[in-house]
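Structure record follows, encoded as structure tokens.
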Amino acid sequence: MKKIIVTVAAGLFSLLSFAQKIDKIINAAEVGRIEGILSADDMQGRKTFTPGIDKAAEFIAAEFAKSKLQFWGDGKTYFQEFAMVKAKTKSITGNLDSETLNENNVVAVSTAAELNITALKDYEVVVVKKDDNFNKVVFPVFDKEGNVLILVDTAHARRFKAMQRFAGNAKFKSNTSQIFILTTNTAPAALNLHVQNELTEQPLKNVLGIIPGKSKKDEYVVFSGHYDHLGIGKPNANGDSIYNGANDDAAGTTAVMMLAKYFAAQSNNERTLVFVAFTAEEIGGFGSQYFSKQMNPDKVVAMFNIEMIGTTSKWGTNSAYITGYEKSDMGKILQANLEGSKFKFEPDPYPKQNLFYRSDNATLAELGVPAHTISTSKMEEAPNDEPNYHKQSDEIGTLDMVNMAEIIKAIALSSKTIVSGKDTPTRVEKIK
């Protein structure tokens, strides 16, 4: 019994000592400094393709430099740069059997300057019938590898209009295309279609730094959050037009920078730690998609994606939830490392929201990586949800800096056996 008491006491003393050290780096004042800069009005809401998001990227890179993170791979900066392509349709002409095709009944989702389609055999045909659920039929189309022709019944004319707007959004450059045609002809014999697009290349960048592992350099632990938001819109009732995105997701990005600073000071990680602030989450998760394509998923041991941790969870302070908790044993590992602390990680209480596949962890999770999002965001129906979500009122004054600091410290503390190489979370079932 004495041995047990001594062992427990030693463990608690070690935990207390660890906490005292971490408090010097991760504390409410420092969290507030970073959060305040990222969500300030002069960042202009950090919308993609604007000077505001570039300013935010420079700030994040400067903080990474202070922490003396190394560049990724052969990179010469902390920026992981890539480009999207925006296609503006100039003209559409052609026929589906005897039906005339034009801009009113055709949507071409393509990054090609010109499309000439003269044979149905070159396209997989998908039909959206009158009584079909449009989303359930159409959304899987974008995961297909080849060219797809989607014949949409005229009963879905309103949703078809939404696809016209979608076609003008920025996309990764691709050799394939999805052609939507609004028609009652579900079994055409011939297709002749000519599309001309005006293309504009739009640059984007993730901000990425690493701490190389000591003995397991080829095993990666990723800490991430997205730094983009919605920019500037119409003024609200208070005359505020800036979507500051303090919680979504300057809070998660702040956590990434604080964790980088902490682990750099520790300098005892056996696995390579990757710290990344993703761009373009709000317009389709393009930053995390690009990042994932540069990684070998088999070498990514774990991913801590941090999203909206600025408000208290449904359980109150000193708590957060992990999306996809049941899909790996990562949550159990984290909680075991928090034994003796007041903090608790909970399973995702909002399974109907499918949050596991709605954030920047999704791409790597689909490839089998135990990639989970940590959040405190309330995703219930009003009035119990997040009242400032995607509103101009998402400002730093609505957040709890003390609780944020505790969450970030809990992530640092709970990840220690994964960072050290002692624990390896089980893999998530692949869906791709």
Leading residue by the ranking (modelled with the lowest pLDDT) among those in the range 419-432 that are over 18 Å from Glu326 (Cα atoms) and touching a Ser or Thr at 6+ places or on another chain (Cβ under 9 Å): Lys432
For the range 286-306, state whether one or more residues are within 20 Å of Thr376 (Cα to Cα), modelled with pLDDT of 95 or more and assigned to a loop (DSSP other than H, G, I, E, B). no
Restricted to the range 119-132 and to residues being closer than 13 Å to Pro188 by Cβ and assigned to a loop (DSSP other than H, G, I, E, B), the residue modelled with the highest pLDDT is Tyr123
Could we say that Lys76 is of a type in the set (Lys, Arg) and either in contact with a Ser or Thr (Cβ under 7 Å, 6 or more places away or on another chain) or farther than 22 Å from Leu230 by Cβ (or both) here? yes
Only one residue in Lys261, Lys344 is within 30 Å of Ser393 (Cα to Cα), crowded, with 19+ Cβ neighbours inside 10 Å and among the basic types (Lys, Arg). Which one? Lys261
Can you tell me which residue within the range 379-413, out of those that are surrounded by fewer than 19 Cβ atoms within 10 Å (Cβ to Cβ) and touching a Lys or Arg at 6+ places or on another chain (Cβ under 7 Å), is nearest to Val300 (Cα to Cα)? Asp385
Filter the range 295-327 down to the residues that are small (Gly, Ala, Ser), over 27 Å from Gly209 (Cα atoms) and in contact (Cβ under 8 Å) with a residue 24 or more places away in the chain and list them by number. Ser313, Ser319
Given the conditions (1) surrounded by fewer than 12 Cβ atoms within 10 Å (Cβ to Cβ); (2) within 23 Å of Thr184 (Cβ to Cβ); (3) of a type outside the set (Ser, Thr, Tyr); (4) under 30 Å from the mean Cα position of the chain (by Cα), and given that Lys88 satisfies all but one, which numbered condition is not satisfied? (2)
The listed residue being more than 30 Å from Arg159 (Cβ to Cβ) and at pLDDT 95 or above, out of Pro188, Pro203: Pro203
Based on this model, can you work out whether Ala260 counts as among the aliphatic types (A, V, I, L, M) and either assigned to a strand (DSSP E or B) or within 18 Å of Phe49 (Cβ to Cβ) (or both)? no
For the range 156-187, give me the residue count where each residue is surrounded by 16 or more Cβ atoms within 10 Å (Cβ to Cβ) and aliphatic (A, V, I, L, M). 6
Working only within the range 139-169, note down all residues that are in a helix (DSSP H, G or I) and under 22 Å from the mean Cα position of the chain (by Cα). Phe139, Pro140, Val141, Phe142, Asp143, Phe166, Ala167
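Please determine whether any residue of the range 220-235 is within 30 Å of Asp74 (Cβ to Cβ) and of a type in the set (S, T, N, Q).
Yes, the range 220-235 contains at least one residue that is within 30 Å of Asp74 (Cβ to Cβ) and of a type in the set (S, T, N, Q).
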Exactly one condition in (1) outside the structural domain of Asn269 (by TED's automatic domain parsing); (2) closer than 16 Å to Ala260 by Cβ; (3) of a type outside the set (A, V, I, L, M); (4) out of contact with any helix residue (DSSP H, G or I) (no Cβ under 8 Å at 6 or more places or on another chain) is false for Asn104; which is it? (2)
Residue check, Glu81 against (1) in contact with a Lys or Arg (Cβ under 7 Å, 6 or more places away or on another chain); (2) within 19 Å of Ala251 (Cβ to Cβ); (3) of a type outside the set (Val, Ile, Thr), all met but one. Which one? (2)
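Considering only residues that are outside any strand (DSSP E or B) and of a type in the set (D, E, K, R), look in the range 91-118 and name the one that is farthest from Asn185 (Cα to Cα).
Looking at residues that are outside any strand (DSSP E or B) and of a type in the set (D, E, K, R), I get Glu103.
The values are calculated or read from the model by the stated rules, or taken from the named source; none is laboratory data. No experiment lies behind these values; they were computed from the predicted model shown. Every residue, glycine among them, receives a Cβ derived from its backbone with ideal geometry; neighbour counts consider all protein chains shown.
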